[in-house]
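Structure, as structure tokens:
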Amino acid sequence: MKKVFYLLGLVAAMLTTNTLSAQEKIFDHVAIGAEVGTTGWGFEIASPVTHYLTVRTGFTTLPRFSIKTDVNYTVKGKEHNVDILGRVHMSDYKLLLDVYPFKQSSFHLTGGFYAGLPDLCTIRSDGDLGISAGEGLEIGSVFIHPDADGLIKFKLQTQSFKPYVGIGFGRPISSKHKIGTAFDLGVMFWGKPALKVYSPDEEGWVKMHKEDIDDEDFHDAVKTIESISVYPVLNFRIYYNIF
């Protein structure tokens, strides 16, 4: 990934050197845009550095949605069923640089980053767990008991800083039209996700390690989660040229 960013930077530097002498002004046009895609919806501001380079900055957010399911388990020989509620949320600031290798084409290479809160998903029990006061559950190597509200809570975290690389078509700024469109496809590198459980005994969140989990299904679920280190980004954007 470092080589990709190095190559993008080298191309950008070469194009900037070759074009600034022929262009007296930089950032002389600005467009505002709206987008929709796998990162949710968002808005951004774009401005050309040269004909070959465009800087974009903005904000994206995935609409919060909930997933509800149920889990069967046994405590002291008695079977229980409890509802599990999961909430997904992802919001990020972004700063991106589009590199246009060909003057007459809208094809571009993009590099930059997204940055936001690490929490991607929160999961909690939603009902009576059938656990007496002072008792708890052993999940992996972590022994926990319900919190003051009688709930057991998990959360899924990624890294806050997420480098991005991609390709696309379209130019935000048009010398002939007020409206511009663009389409991008790329990947966001958000690191190795971590599943954490809230432990009142630890007074905080404790990371779950798949090596310490005996339950086969739970072990495989954590293993799968940790293997997803990139997030696909696919979006469509429409712009209005302010000046």
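Points to keep in mind about this one:
- Fewest-first ranking of HIS108, HIS29, using other Cβ atoms within 10 Å as the exposure measure: HIS29, HIS108
- Each of ARG171, ARG64 has some number of other Cβ atoms within 10 Å of its Cβ, and from fewest to most they run ARG64, ARG171.
- Cross-link pairs LYS94/LYS223; LYS103/LYS162; LYS94/LYS207; LYS94/LYS176; LYS153/LYS210 - those with Cα-Cα distance over 25 Å: LYS94/LYS223; LYS103/LYS162; LYS94/LYS207; LYS94/LYS176
- Put a dot 7 Å past the Cα of LYS223, heading toward its Cβ, do the same for HIS51, and the two dots end up 5.5 nm apart.
- Ranked by how many other beta carbons lie within 10 Å on average, peptides 178-186, 233-241 from highest: 233-241, 178-186
- Segment GLU211-LYS178, extension gain: residue separation times 0.36 nm, minus the distance between their alpha carbons: 6.2 nm
Read-outs: derived from the displayed coordinates by stated rules, not from any lab. These numbers were taken from a predicted model, which means no experiment stands behind them. As a convention, Cβ positions derive from the backbone with ideal geometry for all residues, glycine included, and neighbour counts pool all protein chains shown.
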